[in-house]
């Protein structure tokens, strides 16, 4: 996150002595990205963060590919993903390529029996249903319906859910996820024309500092495998940190749509970006106000990207027969556009109550076996 944040106790100068009340040293950790060239955080731990007691199970969680080279448009009925008690077991990969994986999850229980760390990817969690607290070694964040939770790779975390009725749309990114560069100035501050700003971003507000030794299981994801590692001290033992690399939350309801006299292109809805894909937020907004405007989008050929739309709420005006939790996949190389009748229906309308998340990838997505189990095989015929 291009914004400096400090939480807890830190010494006045980095890489210098910082002592506990008993006179012993806290353990300093540089938590960085892209070698020494990306954003980083300096954290101070009660115990050494390197104390591994045992390495246990190691097993693959790589997606099973059903269609490697796909040009068929699909609709996936996301709410048909069955709820699971365990957080990691609930995560079902539906679309993937070498840059990212798109996951649906319906976890029933809070993640309390172990800790989780994804060393492969940044994780962007969109909360479709549920509320609770994301607990991390760099502090806690409360979340609710409509929140994006950005968890940088390497963050150790647990999740507390308030109820068992939870639905998450998750994007794993193998490159760092940032806010759009064109909405930031040279110093990283969001510009005046940005659809959101720093006030909308929620940063960790409290640290859990546990001075405990024992057996603490961390499930670590590396190269699409889970490796179970037992640490000798509690992973949440940070007394303070500062820097730019930490989890944060942003609500889709705080995104301020950009509108115009004629139909605006999808980039005006952009919320996050990487070097391999973008994430956009389609929010309730006024329609185009040219006297001859057609609010429904024009037909568009995806020559360079696959388009994934996750439908959250409201009436998505360019589609027929779409419900909350559905995903549409419009692959690169062929045109897509509004369903029959949608353009005519949109004329004269003043606004939209739709809410959706879009992911546009710059490499083709492969369709997984989990996705085919909830797929509408006839969706591509719905423009006839």
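The values are calculated or read from the model by the stated rules, or taken from the named source; none is laboratory data. Computed from a prediction, not measured in an experiment: that's the story for all the values here. All Cβ positions, even for glycine, are placed from backbone atoms using ideal geometry, and neighbour counts span all protein chains on display.
Residue 280 falls short on exactly one of the conditions (1) farther than 23 Å from residue 98 by Cα; (2) part of a strand (DSSP E or B), and that condition is (1). Checked against (1) assigned to a loop (DSSP other than H, G, I, E, B); (2) touching a residue at least 12 places away in the same chain (Cβ under 8 Å), residue 186 passes all but a single condition, namely (2). The single residue among 316, 362 that is under 23 Å from the mean Cα position of the chain (by Cα), surrounded by 13 or more Cβ atoms within 10 Å (Cβ to Cβ) and farther than 30 Å from residue 83 by Cα turns out to be 362. Screening the candidates 246, 241 for the property of being farther than 19 Å from residue 314 by Cβ and part of a loop (DSSP other than H, G, I, E, B) yields one hit, 246.
If you go through the stretch 340-372 and keep only what is more than 18 Å from residue 322 (Cβ to Cβ), in contact (Cβ under 8 Å) with a residue 40 or more places away in the chain and out of contact with any strand residue (DSSP E or B) (no Cβ under 7 Å at 6 or more places or on another chain), you end up with 347, 363. Every listed requirement among (1) closer than 23 Å to residue 50 by Cβ; (2) without any contact (Cβ under 8 Å) to a residue 40 or more places away in the chain is met by residue 191 save one, (1). Please verify whether residue 70 is outside the structural domain of residue 301 (by TED's automatic domain parsing), part of a strand (DSSP E or B) and farther than 17 Å from residue 171 by Cβ, treating the condition exactly as stated. So residue 70 does not fit the description; no. Residue count for the stretch 17-64, restricted to those that are in contact with a strand residue (DSSP E or B) (Cβ under 9 Å, 6 or more places away or on another chain), modelled with pLDDT of 95 or more and not in a strand (DSSP E or B): 14. If we scan the stretch 273-296, do we find a residue that is more than 20 Å from residue 127 (Cβ to Cβ) and free of Cβ contacts under 8 Å to residues at least 24 places away in the same chain? Yes, some residue in the stretch 273-296 is more than 20 Å from residue 127 (Cβ to Cβ) and free of Cβ contacts under 8 Å to residues at least 24 places away in the same chain.
Scanning the stretch 189-222 for residues that are assigned to a loop (DSSP other than H, G, I, E, B) and under 19 Å from the mean Cα position of the chain (by Cα), we see that the one that is surrounded by the fewest Cβ atoms within 10 Å (Cβ to Cβ) is 197.
Of all the listed residues (76, 36, 31, 18), the sole one being outside the structural domain of residue 320 (by TED's automatic domain parsing) and in contact with a helix residue (DSSP H, G or I) (Cβ under 8 Å, 6 or more places away or on another chain) is 76.
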